[in-house]
Amino acid sequence: MFLNRPHQLLGCAVLGLSLLLSGCGFQLRGMGTDMVTLKELRVESRDNYSELHQGLEQALEDNGVNITASAPYRLQLLEEERQRIAVSYTSRSAPAEYELTNNLRFQVSDTDGRALVGPETITARRIFVSNRDNITGSNEEEALLQVEMRRDLVRQMLFRLASLSEGELAARSRALEQQATPPAP
């Protein structure tokens, strides 16, 4: 018999499952295959030493983008907002779960400061279970979730920037110049 050994049966089951999953469009989450095509970019924020700013610059450099002050386009991190909202309570009316939200508002502009993209907002959310019996562990878990959400914001920013090309940004800049120039009489 062809399938008389258990490991052959298991191998066929794994092969069948992988074919089924690939047929329905399933993909593992990761950094994705899109690469940022911009050659140079200037990154600006209120705090150039924040973890988000530093992580974004590092991710851009890892994608081959030269971070320089003389770049023709600027990525401006306008505002990072963090929220912590209680979403469920214990029988003693103490918060049991919190929703952590990080919003990042940004825009891409030219050297004259005209917005070519945005301002837009990207968001990362996580649910955090608070343990009143282990305050230290809960605080550490919340800190780890904040790090994870910053990474998620960086990943979302890379996906957004991967959809832009220098040619498209140059065309948007030219269109803004034409709008600003009055027509000749």
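Based on the Cβ-Cβ distance of Thr111 and Arg46, what FRET efficiency does E = 1/(1 + (r/R0)^6) give at R0 = 22 Å, to the nearest 0.05? Once rounded, the FRET efficiency stands at 0.65. On the basis of the beta-carbon distance and an R0 of 41 Å, Asn103 and Thr181 show a calculated FRET efficiency of 0.70. Modelled label positions at Glu79 and Glu166, each set 7 Å beyond Cα in the direction of Cβ, lie 3.3 nm from each other.
Just so you know, all these numbers are worked out from the coordinates, no wet-lab data involved. Source: prediction; values computed, not measured. Cβ sites come from the backbone with ideal geometry, for glycine too, and all protein chains shown count toward neighbours.
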